[in-house]
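Quick note: the coordinates plus some simple rules give every number you see, no bench work behind them. Remember, it's a predicted structure, so these values are computed and weren't measured experimentally. We place every Cβ from the backbone using ideal geometry, glycine too, and count neighbours over all the protein chains shown.
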Amino acid sequence: MLNQQQDAIAPHGGSLVNRIVAEAQKQEFLTQADSLPRLQLDQRATSDLEMIAIGGFSPLIGFMGQADYQEVVNHMQLANGLPWSIPITLSVSVALAENLNIGDRICLEDPASTLVGILELTEKYAYDQTQEAIQVYQTDDPKHPGVKVVLDQGGINLAGPIWLLERQPHPQFPTYQIDPAQSRQLFQERGWKTIVGFSDPAIPFTVPMSIFKNVP
């Protein structure tokens, strides 16, 4: 966990998570890697791994266990009552899950087969994909992109703490890759007290951009 600025709003859950390994621990994992089971992640799971590690999904320190998963799907909160709307899970096929044991350290590879992280497996559990789709997205129509992801993924969720071996720069926008710890530091340095977050699936036009820049 990272120390918080005293005059800043606390991260969700109270502490900003940091699951990027120190160099000594990274070397330990690399030494063990050849003897560990391996799992290749798709782009979505790789992104989730990075978001957990940098604190973007604080207070999560890994992929959700069954207790958190059930509460999120049914009540939009973690098992401790903290608001949370969409499960952060690592789903695999039943056949793949059968070869993994609780307590295993699992090497996580990105879509290019590069070793990017470690999962310390604490749980593996079945779940109802259709129920998740309906509860989270209010539909089971596979034309919905979120629903399609849920219905296409494996039927077993793996859970446990993760470690990211190294934070890689964004291939297209490294200058604008600012992680939560950095952004919070920038807010403090610039004396910003009111910060507006905005996400747009498309490039904003001139009018919306003007509105964003001039929010009182």
- Report, in deg cm²/dmol and to the nearest 500, the calculated mean residue ellipticity at 222 nm for the chain, where each DSSP H run with n ≥ 4 adds -39500 (n - 2.57) and the sum is divided by the residue count. -9500 deg cm²/dmol
- Query: At what distance in nm do the modelled label points of Thr194 and Ser113 sit from each other, each positioned 7 Å from its Cα along Cα→Cβ?
  - Reply: 5.4
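Which order, highest average first, do 173-179, 19-25 follow once you tally other Cβ atoms within 10 Å for each residue and take the mean per peptide?
Working: 173-179: 10.7, 19-25: 13.6.
Highest mean packing first, the order is 19-25, 173-179.
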- Item | DSSP-defined antiparallel bridges as percent of all bridges, the chain, nearest 5 | 85
- With a 10 Å radius around each residue's Cβ, average the other Cβ atoms per peptide and rank 190-198, 64-72, 47-55, 119-127, highest first. 47-55, 64-72, 119-127, 190-198
- Name the residue, out of Ala112, Ala181, Ala79, whose mean-square fluctuation peaks in a Gaussian network model built on the chain with Cα pairs under 10 Å. Ala112
- The size of the Cβ-based charge dipole (Lys, Arg +1; Asp, Glu -1) of the chain about the Cα centre, to the nearest 20 debye, is 660
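Mean separation of Cα pairs under 8 Å and 6+ residues apart, divided by the residue count of the chain: what relative contact order is that in percent? Walk me through the intermediate numbers first.
On the way: 318 pairs, mean separation 49.9, N = 216.
For the chain, the relative contact order is 23 percent.
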- Just subtract the alpha-carbon distance of Ser85 and Asp141 from 0.36 nm times their residue separation and send over the number in nm, one decimal. 18.2 nm
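For the chain, what value does the Rg/Rh ratio take when both radii are computed over Cα atoms and Rh is the Kirkwood radius, given to two decimals? If you can, show how the numbers build up before the last one.
Values: Rg = 18.8 Å, Rh = 19.1 Å.
Checking Rg against Rh, the ratio lands at 0.98.
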- region 126-216: relative contact order in percent, alpha carbon pairs under 8 Å with at least 6 residues between: 17
